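Trainee: Have a look at the structure that comes next, please.
The values are calculated or read from the model by the stated rules, or taken from the named source; none is laboratory data. Fair warning: this is a prediction, and the values are worked out from it, not measured in the lab. Neighbour counts run over all protein chains shown; Cβ positions are idealised from the backbone, glycine included.
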Amino acid sequence: MQTLIQNAKILMHDNETEFMDVLVEDGKIKDIQKHIENFDKEVIDAQGKLLLPGLIDVHVHLREPGHEHKETISTGTKAAAHGGFTTIMAMPNVLPFPDNAETMKAYQKKIEQDALVHVIPYGTITKAEASKELSDMEELSKLGIHAFSDDGVGVATAAMMKQAMEACKKVDGMIVAHTEDMRYRAPKACMHEGIRNKELGLIGIPSACEYAQLKRDLDLAKEVGVRYHVCHMSAKKSVQYLKEYKAMGVDCSGEVTAHHLLLNEMAVENENHKMNPPLRSEEDRQSLIQGLLDGTIDMIANDHAPHSEEEKSRGMELSPFGIVALETAFPLLYTKFVKEEKLFTMQQLIHWMSEAPAKRFRMEHKGKIEVGYDADLILVDTDTYKTIDKREFYSKGKNTPFDGISCTGWIEKTFIMGECVYDAKKGMRK
């Protein structure tokens, strides 16, 4: 059986759009033409909406197993489909940690059973993310795991990180690092050390907490020759370091979140503005935007970090770090930077949210609308404005600073291998 998506606008060269028909067969894009006959095909009328490649987020916390009160594989992947993400990569700070083949096999089986979108799990860099002993990268790689992270914490010592990079290089993997040197972070520090923390009387986290360890890692990556990716960049100095080491030929890349692009430290009002790394200065924010535009930062990845409402109601000092992002990232970024400020083009935004992560993380046949590629697709309404309402989230997490913001770029339909798993009018498939 074939599926035909008719009357869809597709991005062409120079950010122009054309009305095209897209034929899907066996989960792949089989043909793209101005007009395709609809005999013996299931027909979906796109009604002139924009058809884009499914979004890819390489930094998502699904929480399950171990923290199901915050999120589950089912609720998290429904949130992904709602937000237009067809492939996500799940961070490994779950319980038990996926630091060995036996645990990873059980984790992969659970994902296969419960996930609505494609989920690629990370293995840990060190066992239990404790920076004491390496995870079994060789055995994990045999299960198809090629990216390793201790996200949530930085690898504590240079010696351990060097060992990890050497082991990772042997399996042609990639180190994906949350860089955080805890020597720079005082107890109860909960936001950026700058202007706003002093106004609120809160202990700040200096930018060096991030960039000092990034510099260490980049030096090691240069020495070892491993593929390296830095998570959720937030500081101007981090952008400068990444640019310098790319120029040296180091195989490195970086990501930035929607909230670090949209907000600075002055936006901080309550626990829903508490994330790690924190919202930093306006100068930092502008450097992140410029880093995307000049190619220093490779992609947008949103660090979806759900928590229960009770956990996020304990005040700035005691509430956990993190906000949810999957269901709001694309509308917020499209509205702010493409539609209103015209700072980004739609092609740039889709490159950073789909094509670039697919290429960097070696996801074959994803990230583009081309014949032979996977039919992971989204239909987007780029005209209708709607107010973000956290009560409508599919995620268990409601911890967002963007509740009540009006934006457009909402997802009408999400397709996984040609099958519609989310429809704005009909809801979720399961």
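Trainee: Working only within region 79-113, note down all residues that are in contact with a Pro (Cβ under 8 Å, 6 or more places away or on another chain) and basic (Lys, Arg).
Mentor: LYS110
Trainee: Can you name every residue in region 407-424 that is of a type outside the set (Phe, Trp, Tyr) and either assigned by TED's automatic domain parsing to the domain that holds PRO331 or touching a helix residue (DSSP H, G or I) at 6+ places or on another chain (Cβ under 8 Å) (or both)?
Mentor: Selection gives CYS407, THR408, GLY409, ILE411, THR414, ILE416, VAL421.
Trainee: What's the total number of residues in region 235-263 that are under 19 Å from MET91 (Cα atoms), among the small types (Gly, Ala, Ser) and touching an Asp or Glu at 6+ places or on another chain (Cβ under 8 Å)?
Mentor: 2
Trainee: Just to check your reading of the model, which residue among LEU293, LEU288, LEU326, LEU318 is more than 19 Å from GLU244 (Cα to Cα), assigned by TED's automatic domain parsing to the domain that holds LEU242, free of Cβ contacts under 8 Å to residues at least 60 places away in the same chain and of a type in the set (A, V, I, L, M, F, W, C)?
Mentor: The match here is LEU318.
Trainee: Out of GLU102, GLU42, I need the residue that is farther than 23 Å from GLY372 by Cβ and outside any loop (DSSP other than H, G, I, E, B). Which one?
Mentor: GLU102
Trainee: Does region 145-179 hold any residues that are part of a helix (DSSP H, G or I), in contact (Cβ under 8 Å) with a residue 40 or more places away in the chain and touching a Gly at 6+ places or on another chain (Cβ under 9 Å), and which are they?
Mentor: Once the filter is applied, which keeps residues that are part of a helix (DSSP H, G or I), in contact (Cβ under 8 Å) with a residue 40 or more places away in the chain and touching a Gly at 6+ places or on another chain (Cβ under 9 Å), region 145-179 yields MET161, MET165, LYS169.
Trainee: I need a count of the residues in region 252-277 that are touching a helix residue (DSSP H, G or I) at 6+ places or on another chain (Cβ under 7 Å) and either surrounded by fewer than 20 Cβ atoms within 10 Å (Cβ to Cβ) or not in a strand (DSSP E or B) (or both).
Mentor: Number of matching residues: 14.
Trainee: For LYS170, are the conditions met, namely being among the basic types (Lys, Arg), under 24 Å from GLY322 (Cα atoms) and in the same structural domain as LEU263 (by TED's automatic domain parsing)?
Mentor: Here the answer is no, as LYS170 does not meet what is asked.
Trainee: What is the residue count in region 6-57 for residues that are of a type in the set (Gly, Ala, Ser) and surrounded by 18 or more Cβ atoms within 10 Å (Cβ to Cβ)?
Mentor: Count: 3.
Trainee: Quick one: what pairs do we get from region 185-209, first residue modelled with pLDDT under 95, second in a strand (DSSP E or B) and of a type outside the set (Phe, Trp, Tyr), C-beta under 6 Å, 6+ apart or different chains?
Mentor: ARG185/ILE205
Trainee: Restricting the search to region 205-219, which residues are crowded, with 22+ Cβ neighbours inside 10 Å and either in contact with a strand residue (DSSP E or B) (Cβ under 8 Å, 6 or more places away or on another chain) or more than 18 Å from LYS274 (Cα to Cα) (or both)?
Mentor: Residues satisfying the conditions are ILE205, SER207, TYR211, GLN213, LEU214, ASP217, LEU218.
Trainee: Under the condition of being assigned to a strand (DSSP E or B) and touching a Ser or Thr at 6+ places or on another chain (Cβ under 9 Å), which residue from region 416-427 is surrounded by the fewest Cβ atoms within 10 Å (Cβ to Cβ)?
Mentor: Among them, the one singled out is GLU419.
Trainee: Report the residue count in region 221-246 for those that are buried (at least 22 other Cβ atoms within 10 Å of the Cβ) and of a type outside the set (Ser, Thr, Tyr).
Mentor: The number of residues fulfilling the criteria is 11.
Trainee: Here is a follow-up. Of the numbered conditions (1) assigned to a loop (DSSP other than H, G, I, E, B); (2) touching an Asp or Glu at 6+ places or on another chain (Cβ under 8 Å); (3) over 30 Å from GLU311 (Cα atoms); (4) not aliphatic (A, V, I, L, M), THR3 fails exactly one; give the number of that condition.
Mentor: Exception for THR3: condition (1).
Trainee: Also, I was wondering about something else. For region 80-111: of the residues being touching a Phe, Trp or Tyr at 6+ places or on another chain (Cβ under 8 Å) and of a type in the set (A, V, I, L, M), which is surrounded by the most Cβ atoms within 10 Å (Cβ to Cβ)?
Mentor: ALA81
Trainee: Would it be correct to say that ALA325 is among the small types (Gly, Ala, Ser), part of a helix (DSSP H, G or I) and buried (at least 16 other Cβ atoms within 10 Å of the Cβ)?
Mentor: No.
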